[in-house]
1. Consider region 322-355. How many of its residues are among the polar types (S, T, N, Q), at pLDDT 95 or above and assigned to a helix (DSSP H, G or I)?
2. Sort out which residues of region 16-40 are touching a Leu at 6+ places or on another chain (Cβ under 7 Å), among the hydrophobic types (A, V, I, L, M, F, W, C) and surrounded by fewer than 21 Cβ atoms within 10 Å (Cβ to Cβ), and write them in order of number.
3. Filter region 2-47 down to the residues that are polar (S, T, N, Q) and in a loop (DSSP other than H, G, I, E, B) and list them by number.
4. What pairs come out if I take residues in region 139-164 that are more than 20 Å from Lys257 (Cα to Cα) and pair them with residues that are among the basic types (Lys, Arg) and surrounded by 13 or more Cβ atoms within 10 Å (Cβ to Cβ) whose C-beta lies under 8 Å away, six or more apart or interchain?
5. Checking Val317 against (1) farther than 30 Å from Leu239 by Cβ; (2) assigned to a helix (DSSP H, G or I); (3) out of contact with any Phe, Trp or Tyr (no Cβ under 8 Å at 6 or more places or on another chain); (4) touching a residue at least 12 places away in the same chain (Cβ under 8 Å): exactly one of these is not met. Which one?
6. Anything in region 172-181 that is surrounded by 12 or more Cβ atoms within 10 Å (Cβ to Cβ) and out of contact with any Ser or Thr (no Cβ under 6 Å at 6 or more places or on another chain)? List them, or say none.
7. When you go through Tyr336, Tyr314 one by one, which is the residue that is under 28 Å from Asp140 (Cβ atoms) and either among the hydroxyl-bearing types (Ser, Thr, Tyr) or within 19 Å of the chain's Cα centre (by Cα) (or both)?
8. Please state which of the following conditions Thr265 fails to meet, knowing it meets all the rest: (1) of a type in the set (Ser, Thr, Tyr); (2) closer than 25 Å to Val234 by Cβ; (3) part of a helix (DSSP H, G or I).
Amino acid sequence: MSSLDGEVCVVTGACGFLGKTLIKMLLEQEKNIDEIRLLDIIIKKELLQSLEEIRGDIKLTVFEGDIQDADFVRKACRGATLVFHIASIIDVIEAVMPSKIYGVNVKGTENLLEASLRENVPSFLYTSTVEVMGPNLEGDPVVNGHEEMAYRCALKSSYSKTKKEAEDRALGYHDEPLANGGRLATCALRPMYIYGEDCRFLLGHMADGVRNGDVLYRTSLQEAKVNPVYVGNVAAAHLQAARCLTDPKRRADVGGKFYFVSDDTPHISYSDFNYALLSPLGFGIQERMMMPLRFFYVVCFLWEMACLMLRPFYRVVPPINRQLLTMLNTPFSFSYDKAKRELGYAPKYTWQQARSNTTQWLAEQLPEQRQKIWRK
């Protein structure tokens, strides 16, 4: 197995859900990395304290700033050899202005790619998402999809569109010349919906359930099966992809490609997945959706139109829109066979371990969630 010995790694989104999981895995499994540069808007002291206990002799350097700042990004990349670009704005309900999402997700990525060329960073790994594939608004299903399959994609949300554009740019920079005459190798990973400790979406579903008398809302049909992936396994895929990109014998084989990342989490609907994680804590779930799906689409349409008419005077964001409702109710699952075959990726955590870890974390958060809701 290749290693990252001597690498100087930049990790964007270092304080995020996936970023800090990856950094901890790097420190635990790659003892001979020279340096890890933590890049984020704000680096939390709690994260640095937790890393101090496991960093050994690896140098940790903090870079606080915005990836939209090209000068800052270039400074962070100077002398680096590998970029893990994880940072992005994740927005599934269109709560963030499109211009801001574009600035971070696309222009930020472009800044990092340009900095890599100018500062002679030879390896660049981009964290994409399954949402660059869809689902399309017609809800065309995918079951155990793969990288070579054809799918009529029609992206509507600012998040999915900007992630696809950023992924295209990252892969388009593969084999571009560096300032020193070398070549840049790039690769992209497309994880499924990521769950695990510190997942803000799971916290939101739990809070909604508490407000509803410990009964989770059903927003997806049981037959709309997807395959979520545990955050520890996504980090493991990043680590393995980075080993391939930095290995002179393998970088040409994986460079310029994207890979779906999933694991052995059961194929299940989003709502039933929330129930699988929260039922041990005493939560139930609605048997049926709150209204028939077709009528739900009509309600979403009316919400969207009302918000659109109000937008010149006041920005209102509906809690759910048609794009999100389609995502929640479309069978959409993908295999990790190609990542296994070409990257050597294998899930580090079983479904049982992932579920236990996540449910235990949710149990620790539950008292605080109840207190917040009672205070309101």
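1. Our first condition is that a residue be among the polar types (S, T, N, Q); within region 322-355, this holds for 323, 326, 329-330, 333, 335, 350, 352-353.
Checking the rest, the ones that are also at pLDDT 95 or above come to 329-330, 333, 335, 350, 352-353.
Next, from what is left, pick out any that are assigned to a helix (DSSP H, G or I): 352-353.
Final tally of qualifying residues: 2.
2. Listed by number, the residues that qualify are Met25, Leu27.
3. Initial filter on region 2-47 (polar (S, T, N, Q)): 2-3, 12, 21, 29, 32.
Correct list: Ser2, Ser3, Asn32.
4. Val143/Lys225; Leu155/Lys161; Leu155/Lys164
5. With (1) farther than 30 Å from Leu239 by Cβ; (2) assigned to a helix (DSSP H, G or I); (3) out of contact with any Phe, Trp or Tyr (no Cβ under 8 Å at 6 or more places or on another chain); (4) touching a residue at least 12 places away in the same chain (Cβ under 8 Å) applied to Val317, the lone miss is (2).
6. Gly172, Asp175, Glu176, Leu178
7. On the way: Tyr314 fails: under 28 Å from Asp140 (Cβ atoms).
Exactly one of Tyr336, Tyr314 is under 28 Å from Asp140 (Cβ atoms) and either among the hydroxyl-bearing types (Ser, Thr, Tyr) or within 19 Å of the chain's Cα centre (by Cα) (or both), namely Tyr336.
8. The single condition Thr265 does not satisfy is (3).
The values are calculated or read from the model by the stated rules, or taken from the named source; none is laboratory data. Since this is a predicted model, take the numbers as computed values, not measurements. Note: ideal-geometry Cβ built from the backbone for every residue, glycine included; neighbour counts use all protein chains shown.
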